[in-house]
1. In nm, to one decimal, how far is the modelled label at residue 98 from the one at residue 202, with both set 7 Å along Cα→Cβ?
2. Taking Cα pairs under 8 Å and at least six residues apart, what relative contact order does the range 88-224 come out at, in percent?
3. Between the range 296-328 and the range 37-87, what's the alpha-carbon centroid distance in Å?
4. Report the calculated FRET efficiency for residue 329 and residue 262 (r = Cβ-Cβ distance, R0 = 22 Å), to the nearest 0.05.
5. Using all C-alpha to C-alpha distances in the range 357-492, build P(r) with 5 Å bins and read off the rounded percent in each one.
6. By counting other Cβ atoms within 10 Å of each Cβ, how are 215, 206 ranked from fewest to most?
7. Given only helices, namely DSSP H runs of n ≥ 4 each adding -39500 (n - 2.57), what is the per-residue ellipticity at 222 nm of the chain, to the nearest 500 deg cm²/dmol?
8. Compute the distance from the alpha-carbon center of the range 433-492 to that of the range 264-289, in whole Å.
């Protein structure tokens, strides 16, 4: 009985596929066992292909953080030049060239302008050629018929600025706002090396005076619509997206700015982005030191790559920003900053620069925490220094990712930065703590490069089976840098 008599069984090995040929009473059939998983061997050290520029705008986009999405799109964040706080109506044209006008003793400079809506303050930009003994009086009038009639009447307000700072914005404000109308401001009683910035060109509705006589050009002044200091900040975060591997990009969006009157008001720069638990998390550098030293690390989160972002406030998300990593050594050095994040097995690896006074140490440190914690910045655990770059001339910050194929963290940073001999250094680690230098990448890179970053998925993992990229700023002139974009190859 039974289904038949087995005449023979023949096993044929073709690669890793196994085919069983069975002849039965009811005829012959072929049964194919599914292929076993094939693991491709990729090179540990990637190669750099010829790239192209993705920013040539004349200032900068540096320190990229890059996410390759599952749909093939690319999100990227960069440090970009800052701006001024407050909504402004400018009494000049932005593109016009600017010159500094000296105001010797007894000379005056003034500007008549029209306000179509109420405003909080008027500000005038004044240089003093780095002196410490220059003073000016800013007088503010309601316009009446002509210059002489206006200035013979009492001023709405007059403020004396003694020993003002170079390029300070001299300000007259009103908490209740000035109503719409025609106004005149006049700078008088100059001393030291006082001056005023002036733009060339013509601005409708604006008339400029020097010693009471109409002159060409427009002094650099503006109305602040709402209450604000009107001061400048150094950097902000630009975001853009590509759907074709970085060949073309969406227009830049300035998606994260400093918070006025807060601890991060001077700058938001060096973005590092990852996504987990439904949120994008963006780490950044900021300082309270006007020298740009003594930096701290901050974090914010958003549901969209373009924001809006909720900044960590010390106990939760949103409101007054507070650091997640606080620098504790000499304030004369860079401090802490330039973060990047990797999520592995529900653990967040939070890497950041720590450049201190300990023999001018240039290092990368690590803190870890369970990524599923909602308020994870409260529970970051310091793991100490993981990369010491002090002996590498011109080394800057690391961008760190994880390679599942080789089960190692890999870190890149530039060396001999901003020189004709600049290159990229590669480090790796099995545990994210003990890193060793493994290679130098020099081929097809542009000279004078600095602040590099490379691509990974939302969790900071690199899949060498997908096209990956490296990007950096470069150029010999300070703050006038192009941004390069190179495909990587992991061919063995």
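1. 2.4 nm
2. Result for the range 88-224 is 46 percent.
3. Here the two parts' Cα centres lie 22 Å apart.
4. Given R0 = 22 Å and the Cβ-Cβ separation, E is 0.45.
5. In whole percents, the pair-distance histogram is 2, 9, 17, 21, 19, 16, 10, 5, 1, 0.
6. 215, 206
7. -500 deg cm²/dmol
8. Each part's Cα centre sits 20 Å from the other's.
Read-outs throughout are calculated quantities, based only on the coordinates presented, and are distinct from any laboratory measurement. Note that the structure is predicted; figures quoted are calculated from it, not measured. Glycine gets a Cβ as well: all are built from the backbone with ideal geometry, and neighbour counts include every protein chain shown.
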